[in-house]
Amino acid sequence: MNLILLLILGAIWGTSFLFIKIVVTEIGPMTLVAGRLGLAALLMWSILWFRKVPLPKSRHIWTTYAVIGLMNGALPFSLISWGEQYIPSGWAALLQATLPIFTILLAHLLTQDDRLTWGKAVGVALGFCGVGLLMWPEVRQGTSASVWGMLAVVGSSLCYALASIFARRRLKGQNPMASAAGQFTMGFAYMLPMAFLLEQPLQIAPSWEALGSWVALAVMGTVIAYVIYYTLLDRTSATFTTMVTYIVPINGLILGALVLGEHLSPMVVISLGIVLSGVLLVRR
């Protein structure tokens with residue numbers, strides 16, 4: 001059952017990169033993330049109210065939600081959305097495959113769940129080589145915007161890795177839906193003032209395509225996906241949960257090519273192979 005949930009989560013998050021690319025062409029990244037988290041929080045609290053799940057009241061839990069809302073919501077969502085202004089959605093999905101690599105490094109330093117062996121160290125090196133291969137043509141040509149876009153997405157992977165380890169320690173035994181609702185609420189609290197400070201959210205006029213993608217991103221890529229995510233995190237380990245990155249980049253690259261006409265160059269495919277090979281070694 002856990003493996004089935006992992007496959008569903010990978011399919012949903014792979015599609016999310018496509019939705020982000022569609023929305024961010026018309027709406028600023030801060031506004032996109034604020035709207036995504038705000039709608040997700042509203043929907044999740046409505047579900048909890050309907051199911052009569054008690055509201056978490058502990059100050060300790062809400063402090064945890066505040067940290068997770070930043071590291072697993074507001075910050076990585078913003079980095080990905082900002083980065084996708086400058087790079088294809090498939091590239092963003094590929095770069096997210098670095099998540100298990102960061103997770104194993106941080107787990108080695110911060111927990112006893114996973115220890116770094118020589119084989120895993122080779123996997124880490126391969127993963128970063130794959131990212132470097134993808135970035136090298138842009139660095140060589142001096143196209144700094146796309147380089148910064150790729151670095152932003154890699155930075156989001158680091159945020160997710162930290163959050164998964166932190167959540168595993170602090171949210172053990174908590175209701176997964178309540179944890180997701182708390183994260184979305186605190187993430188929205190961070191992003192709403194940022195949207196008004198840096199953008200003009202009240203003046204947007206998105207097309208129906210962008211609006212539909214925005215709603216789908218909130219419902220599928222946020223509410224449904226994070227209920228699955230926290231369920232897996234509670235049942236398994238941080239490293240097992242981040243195995244979703246085997247599925248996300250492949251799905252994201254295919255959808256970007258089919259729907260948006262993004263070019264799948266041999267370099268991108270080779271980079272994907274190297275990164276996933278590194279992830280496989282890390283998992284072993």
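Structure values in brief
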quantity	calculated
Residues of type lysines that K52 reaches as a straight line, Cα spacing below 28 Å, ignoring anything fewer than 8 places off in the same chain	K172
Where Rh is the Kirkwood radius over Cα pairs, Rg/Rh for the stretch 69-152	1.03
Relative contact order computed over the chain (Cα-Cα under 8 Å; 6+ residues apart), in percent	43
Counted charge near P176, where neighbours are those whose Cβ lies closer than 13 Å (Asp, Glu -1; Lys, Arg +1)	+3
Cα gyration tensor shape for the stretch 172-284, rounded if a/c is under 1.5, else prolate or oblate	oblate
Residue-averaged [θ]222 nm for the chain, counting only DSSP H segments that reach four residues, each worth -39500 (n - 2.57)	-25000 deg cm²/dmol
10 Å-binned pair-distance histogram of the stretch 150-226 (Cα, whole percent)	14, 35, 40, 11, 1
Of the DSSP H helices in the chain, those whose Cα atoms cover at least 18 Å axially and whose Kyte score averages 0.0 or more	2-24, 29-50, 118-141, 144-170, 176-198, 266-283
Protection proxy ranking, peptides 85-92, 62-69, average beta carbon neighbours within 10 Å, highest first	85-92, 62-69
Order by protection proxy (mean Cβ within 10 Å, highest first), peptides 145-152, 229-236, 72-79	72-79, 229-236, 145-152
Cleavage-rule hits (GluC sites (Glu not before Pro)) in the stretch 131-236: DSSP loop, at most 16 neighbouring Cβ within 10 angstrom	none
Cα shape, the stretch 51-210, gyration tensor, a/c 1.5 rule	oblate
Neighbour cut-off at most 15 other Cβ (10 Å), DSSP loop, trypsin sites (Lys or Arg not before Pro), the stretch 9-91	R51, K52, K57
Listed residues Q183, Q200, Q141, most fluctuating in the chain (Gaussian network, C-alpha, under 10 Å)	Q141
Å³ per residue enclosed by the Cα convex hull of the stretch 2-283	126
Extension reserve of the Q141-L258 stretch, reckoned as 0.36 nm per residue once the Cα distance is removed	39.4 nm
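Any read-out appearing in this document is the output of simple, stated calculations on the displayed coordinates, not a laboratory observation. Since this is a predicted model, take the numbers as computed values, not measurements. Cβ sites come from the backbone with ideal geometry, for glycine too, and all protein chains shown count toward neighbours.
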